[in-house]
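Just so it is clear, none of the values below were taken in a lab; they were calculated from the coordinates. Since the structure is predicted, the reported quantities are computational estimates derived from the model, not experimental observations. For neighbour counting, all protein chains shown are included, and Cβ atoms are generated from backbone atoms with ideal geometry for every residue, glycine included.
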Amino acid sequence: MAEFDLEQTDRLMMTTKQVRKRLDLTRAIPIDVVLRCIDVASRAPIGGNMQINRWLLVDDPDIKQGLAECYRAMGTDYLNAGVEQVKAAGSDSVQKRVVESSVYLLDHLHEVPMMIIPIRMGRPDNTTFGQATFWGSVTPGVWSLQMALRSRGIGTAWTTLHLYEEQRACTLLGLPDDVTQIALLPAAFYSGDGFSPSARRPAHEITYLNSWRQPVS
């Protein structure tokens, strides 16, 4: 017998979206709520059960401004190019909304109530095994955090453009050279109604059995 209400847990996972535009920029996020979510997220799988992941919460306006400038240093040209590609390709409304919301976040990133920086101790190596074990021990926790926050009405978006200015961001945050920033999660209570499930291809189209491109059924 299922231990949980599957309808509710499935809905949580299917509707935890990247929230870039529907953000309440005026409402502070209580740190104790985020700490509770980190307690939940810290139970995600970690290679070797080594508790080497850390979280840095940023609500200082000057530091947020500095991180937003790191983000825009690459993000402005990158997202403007995306806008032009959408126009040229006549992309569908979904892709258009994604680009528009990304541009909105670019302009308002410094205004979000909190930025959350997931961190892993150490640096990744260049082997496939090393990369897989390094990122595989931290990304599940970030996703768990996003779902825990979502269940409390707080939206986030997984962003990484500030890492083009990684050293500058490290200086702003006082980070040593032997740790790795995983992402930057702008966080805010989201506005409006809840979210519908994301549109995705059905499982039987993207799943194979025993060998490449062999259908499950």
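Per-residue ellipticity at 222 nm computed for the chain from its helices equals -14000 deg cm²/dmol, with DSSP H segments shorter than 4 residues left out and the rest contributing -39,500 (n - 2.57).
Subtracting the Cα-Cα distance of residue 4 and residue 212 from 0.36 nm times their residue separation leaves 71.5 nm of extension gain.
Entry note, the chain: relative contact order of 35 percent, from Cα contacts under 8 Å with a spacing of 6+ residues.
Among 6, 63, 173, which residue has its Cα positioned farthest towards the positive end of the charge dipole of the chain, with +1 placed on the Cβ of Lys and Arg, -1 on the Cβ of Asp and Glu, and the dipole taken about the Cα centre? Comparing the listed Cα positions along the dipole, 6 ranks first. For residue 136, what charge total do you get from the other residues with a beta carbon under 14 Å from its beta carbon, if Lys and Arg give +1 and Asp and Glu give -1? Net charge around residue 136: 0.
Candidate values [x] 26, 19, 19; [y] 27, 24, 21; [z] 38, 20, 13 were compared with semi-axes √(5λ) of the Cα gyration tensor in Å computed on the shown model; the agreeing label is [y]. Once you order the gyration tensor axes a ≥ b ≥ c over the Cα atoms, which shape class does the stretch 123-217 get: rounded for a/c under 1.5, otherwise prolate or oblate by comparing a/b with b/c? Verdict is oblate for the stretch 123-217. Note on residue 64: lysines with a C-alpha under 23 Å away, same-chain residues under 8 apart excluded, are 17, 21.
Could you give the size of the charge dipole of the chain about its Cα centre, using +1 on the Cβ of each K and R and -1 on the Cβ of each D and E, expressed in debye and rounded to the nearest 20?
Dipole about the Cα centre, nearest 20: 460 debye.
Between residue 26 and residue 121, residue separation times 0.36 nm minus the direct Cα-Cα distance comes to 30.9 nm.
Placing +1 on each Lys and Arg Cβ and -1 on each Asp and Glu Cβ, with no other charges, gives the stretch 97-181 a dipole about its Cα centre of roughly 340 debye.
Going highest first, how would you order 149-156, 50-57 by mean Cβ packing within 10 Å?
149-156, 50-57
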